[in-house]
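J.: Please find one structure pasted underneath; my questions will follow.
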Amino acid sequence: MKAGCSMVEKPEGGGGYQFPDWAYKTESSPGSRQIQLWHFILELLQKEEFRHVIAWQQGEYGEFVIKDPDEVARLWGRRKCKPQMNYDKLSRALRYYYNKRILHKTKGKRFTYKFNFNKLVMPNYPFINIRSSGKITPLVGN
DNA sequence: GCCGGAACGA
DNA sequence: TCGTTCCGGC
């Protein structure tokens, strides 16, 4: 049976919950908890179990590399109930982030993008602590 | 692979 | 508004 594409889409890793409600909701959409792609990317980057699929780039602050584009697309498609998702489409969504200054491309490096934490978490989400190594530590409830 | 316009849906 | 799908161009 295909449970998982019904209603709620929270990580079911067994206590592997990372992001609180503020990460799932949008200001203009009350009640709507459509997860955004960059939230999902951040979610994967936090977990060691996905470091063979997507991981932070050492040395570069906020930069990450997608080691397995097909797998990331598959996981994203599963979360959004879009079985036909692929890296080509996913990367298009990523490209829309350029103008929004959420992400930008690290040119020359394959499957490599970089978060604009400068403008992303600093002003809007001061609950997140990013270490110089690139690791993210959510500080919730304290 | 990566870019970005266009149509379209929720 | 945030993608999803499709696609011509580089």
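The values are calculated or read from the model by the stated rules, or taken from the named source; none is laboratory data. This one's a predicted model, so the numbers in the text were calculated from it and none came from an experiment. Just so you know, the surface numbers come from the protein's heavy atoms only, side chains and all, with ligands and any DNA or RNA stripped out. Shrake-Rupley method; radii C 1.70, N 1.55, O 1.52, S 1.80 Å.
J.: In the calculated pair distance distribution of the stretch A:34-119, what percentage of Cα-Cα distances lie above 17 Å?
T.: For the stretch A:34-119, the fraction of Cα-Cα distances above 17 Å is 43 percent.
J.: Can you give the extra length, in nm with one decimal, that the chain gains between A:T112 and A:R78 once fully stretched, where that is 0.36 nm per residue apart less the Cα-Cα distance?
T.: Length gained, A:T112 through A:R78: 10.0 nm.
J.: Counting only protein heavy atoms and using a 1.4 Å probe, what share of the accessible area of the stretch A:34-119 belongs to carbon plus sulfur, as a whole percent?
T.: The C+S portion of the solvent-accessible surface of the stretch A:34-119 is 47 percent.
J.: Now a separate question. Defining a contact as two alpha carbons under 8 Å apart and six or more residues distant in sequence, what relative contact order in percent does the stretch A:63-124 show?
T.: Details: 62 pairs, mean separation 19.8, N = 62.
Taking the mean separation of contacting Cα pairs over the length of the stretch A:63-124, I get 32 percent.
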